[in-house]
Each structure stands twice: as structure tokens, then as C-alpha cells.
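One structure below.
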Amino acid sequence: MTDEEQYIRPDVKAFVAALASIGSKPISELSLEEARGGYLALHAMGDRPPRELAVIRDLACPGPGGEIPVRLYDARETRQAGPVIVFYHGGGYVIGDLESHHNLCTEIAAQMDLPVVAVDYRRAPEHPFPAAVDDCEAAARWAASSPPELARPATGLVLMGDSAGGNASIVTAQALAENAAAVPVVLQVPLFPLATDIADCASLDVFAEGFILTKAAVEFFDVAYAADRSDPRATPILGDIAASPPTVLVTAGLDPIRDSGRAYGGALATAGVEMVFLEMKGLTHSFTNLRLAIPSAQTDLERVFAAMKLMLNTNSGGAT
């Protein structure tokens with residue numbers, strides 16, 4: 001491990017020290033309700049306030065297990081046809097929901113000046129694999145169909161998500177490459193995703209404790225989600241990488257699952273997929289939702305937006 005790879009930013013160091021001083025229980029010792037509540041509380045404490053937007057509207061779309069709650073964000077009340085961002089929240093497919101990522105979604109909508117559809121997919125352990133990714137695919141197909149509830153004709157989809165949501169964005173892009181939706185996926189944006197089997201992540205041991213996400217939490221989520229790791233819908237690096245859309249791939253230097261994102265980036269490069277790869281040095285997992293507690297993370301999120309705009313302008317004729 002090089003000095004650069006071990007680098008921790010001063011604001012990150014202060015925040016993780018503050019969390020350590022609280023002395024909270026490991027997730028494996030919490031009830032499901034406590035774990036979900038703690039995740040909400042962490043983001044409420046650590047993230048910037050939400051942006052004011054012209055449109056924040058709760059909707060629902062049809063799914064394989066019943067209606068899927070979704071939330072529409074848009075900086076404009078009306079707009080012409082263009083790309084629609086479909087966002088999948090993180091939380092190991094176990095914790096997290098529309099509220100845990102509300103502030104982040106308002107930031108995405110404001111900075112990208114595109115509509116964002118956030119998806120409240122079914123969670124494990126109540127609904128184990130593949131319920132979550134089935135919902136994610138269904139929601140993407142719904143958004144692609146330009147449903148009247150959105151009142152915004154879609155010309156393409158941007159599939160975006162953090163952590164488990166990053167996994168979902170890749171899995172959904174592969175599903176839509178195999179069986180096309182009404183409009184194409186013009187960009188995927190997996191943020192610190194798990195794309196490989198966790199057993200293949202050396203970083204899981206390097207950053208096992210003390211950096212927001214722990215090895216124990218990753219293993220807890222893995223057991224709860226109960227995925228078949230030989231299935232590309234769980235481990236998308238096993239899928240058709242060459243069919244991937246243009247990609248903005250983001251990892252964090254101090255993330256236990258960092259090496260999974262790196263491996264996926266290597267597979268994309270080998271397959272010749274157009275890609276921007278950003279590794280945020282000195283940052284932890286979930287930095288996108290900790291921009292108040294870790295102020296430097298805001299600049300890194302804006303780097304992601306700049307890369308997204310570059311890729312969309314390159315591939316969509318200046319659609320943004």
C-alpha cells in the first residue's frame with residue numbers, strides 16, 4: 001500500500017474520529033429498524049441541506065412485485081425532450097430509501113439541469129435478490145417510456161447510483177442492452193459500486209474498520225441480500241461488458257470495496273468502452289452524502305457532474 005493510497009484528507013480524518021468517539025454498535029448488532037434509522041441519521045447529520053427545486057413529486061410506477069415508489073426531481077417546471085436520470089440509492093440493498101438520498105438527488109437535479117427519477121426499490125432481507133434489481137429495471141423501462149406522470153419526454157436514460165445503487169445501475173444497463181427499452185441508455189454513472197464478488201476485493205481487508213463502511217457491514221449486507229454471486233445480475237463484471245454504455249465510474253480511495261470498482265473499470269477499458277474513471281483520493285465510501293461533514297467532497301461531486309456533462313455532450317449532441 002503506497003503513501004498515496006493511505007492518504008486521508010484532514011476533513012475526513014476529523015469526521016471519522018468524531019464518529020469513532022460516539023462508539024456506535026456494529027450493524028450486525030442492530031435491529032433492522034435501528035440500522036435503517038442510523039443510516040438516515042448519518043446522512044441527515046452529514047449531508048448538505050437539500051436544494052430548492054421547481055418540482056419534487058412523489059409518484060409510483062408498475063413493478064414485478066407491485067407499485068414501486070419513485071420521486072421526481074426537476075429544477076424546471078417544464079422542459080423539452082432530453083435525457084432523464086434514473087437514480088438508485090445505496091445501502092447494501094438493505095438500508096437506504098428515498099429520504100436517505102433526498103438531499104443528494106436535489107443536488108444532482110440542480111447541477112445537471114436534468115430531471116431525476118429516484119427509485120425506492122424493494123429491500124432485503126424482506127425481499128432478497130433479485131427483487132431490488134428487478135424493480136430497478138422496471139423503473140428504468142417506465143421512465144424510458146415517457147409516462148405522462150413525468151410530463152417530460154425522454155430521449156435517453158442516464159443510470160446513476162451509489163454503492164448498491166451503483167451495482168443496480170450497471171445491472172440495469174446490462175439488462176437494457178440485452179433487451180432494449182423505449183429509449184437507449186446514453187450514460188451510466190456507478191458511484192463506488194460493488195461490481196465483483198466481495199471475495200475478490202483486497203481493499204476489503206485494508207480498510208476493514210474506521211472508514212464509514214466496514215468489512216462487517218459489507219458482509220452483513222451480502223448475507224441479507226442473499227444473491228447468487230455467479231449471476232451477472234448480482235456480479236455484473238460477469239456480464240457482457242462490451243455492450244456497456246458510455247460510463248462515468250467513480251471510486252473512493254479509502255473504500256473497502258474500492259478494488260471492485262477498479263476491477264470493473266479495467267474490464268470496461270479492456271472492452272474498449274468509452275469511460276471517464278475518477279478515483280477520489282483520501283475520501284471514504286458514501287462521500288456523496290457527507291458533503292457537510294466532509295466539505296471537500298462537494299468539489300469531488302462537482303467533478304462527477306463535469307464528467308457527466310462532458311460525456312453527455314459527446315454522446316448526445318449537446319443534450320444537456
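Things worth noting here:
- Residue list for region 283-304, restricted to those being within 19 Å of residue 89 (Cα to Cα), surrounded by fewer than 24 Cβ atoms within 10 Å (Cβ to Cβ) and in contact with a strand residue (DSSP E or B) (Cβ under 7 Å, 6 or more places away or on another chain): 300, 304
- Test: residue in region 103-114 that is of a type in the set (Ser, Thr, Tyr) and under 20 Å from the mean Cα position of the chain (by Cα): yes
- Selected residue [charged (D, E, K, R) and on the phi > 0 side of the Ramachandran plot] from 113, 58: 113
- Boolean, residue 233 is of a type in the set (D, E, K, R), in contact (Cβ under 8 Å) with a residue 60 or more places away in the chain, under 16 Å from residue 170 (Cβ atoms) and assigned to a loop (DSSP other than H, G, I, E, B): yes
- Filter result (more than 16 Å from residue 101 (Cβ to Cβ) and in a strand (DSSP E or B)) within region 60-73: 60, 61, 64, 66
Rundown of residues vs (1) touching a strand residue (DSSP E or B) at 6+ places or on another chain (Cβ under 7 Å); (2) of a type in the set (A, V, I, L, M, F, W, C); (3) closer than 28 Å to residue 287 by Cβ; (4) not in a loop (DSSP other than H, G, I, E, B), yes/no style:
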position: 95; (1), (2), (3), (4): no, yes, yes, no
position: 98; (1), (2), (3), (4): yes, yes, yes, no
position: 103; (1), (2), (3), (4): no, no, yes, yes
position: 138; (1), (2), (3), (4): yes, yes, no, yes
position: 151; (1), (2), (3), (4): no, yes, no, no
position: 156; (1), (2), (3), (4): yes, no, yes, yes
position: 161; (1), (2), (3), (4): yes, no, yes, yes
position: 183; (1), (2), (3), (4): yes, yes, no, no
position: 188; (1), (2), (3), (4): yes, no, yes, yes
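- Selected residue (only one of 291, 262 is of a type in the set (D, E, K, R) and either in a helix (DSSP H, G or I) or in contact with a Phe, Trp or Tyr (Cβ under 6 Å, 6 or more places away or on another chain) (or both)): 262
- Residue within region 241-254 that is of a type outside the set (Gly, Ala, Ser) and over 30 Å from residue 296 (Cα atoms) present: yes
- Residue count, region 147-199 (criterion: touching a residue at least 40 places away in the same chain (Cβ under 8 Å), surrounded by fewer than 21 Cβ atoms within 10 Å (Cβ to Cβ), small (Gly, Ala, Ser) and over 24 Å from residue 230 (Cβ atoms)): 4
- Consider region 1-53 and keep the residues that are assigned to a loop (DSSP other than H, G, I, E, B) and aliphatic (A, V, I, L, M). The one that is surrounded by the fewest Cβ atoms within 10 Å (Cβ to Cβ) is 1.
- Yes/no for residue 273 being closer than 20 Å to residue 186 by Cα and either in a helix (DSSP H, G or I) or touching a residue at least 40 places away in the same chain (Cβ under 8 Å) (or both): no
- Scan of region 56-94 for residues that are farther than 26 Å from residue 39 by Cβ and either of a type in the set (A, V, I, L, M, F, W, C) or surrounded by fewer than 17 Cβ atoms within 10 Å (Cβ to Cβ) (or both), ordered by number: 62, 75, 76, 77, 78, 79, 80, 81, 84
FYI, it's all coordinate maths here, none of it is from the lab. What you are looking at is a predicted structure, and each value in this text was computed from that prediction instead of being measured. Cβ atoms come from the backbone with ideal geometry, glycine included; neighbour counts cover every protein chain shown.
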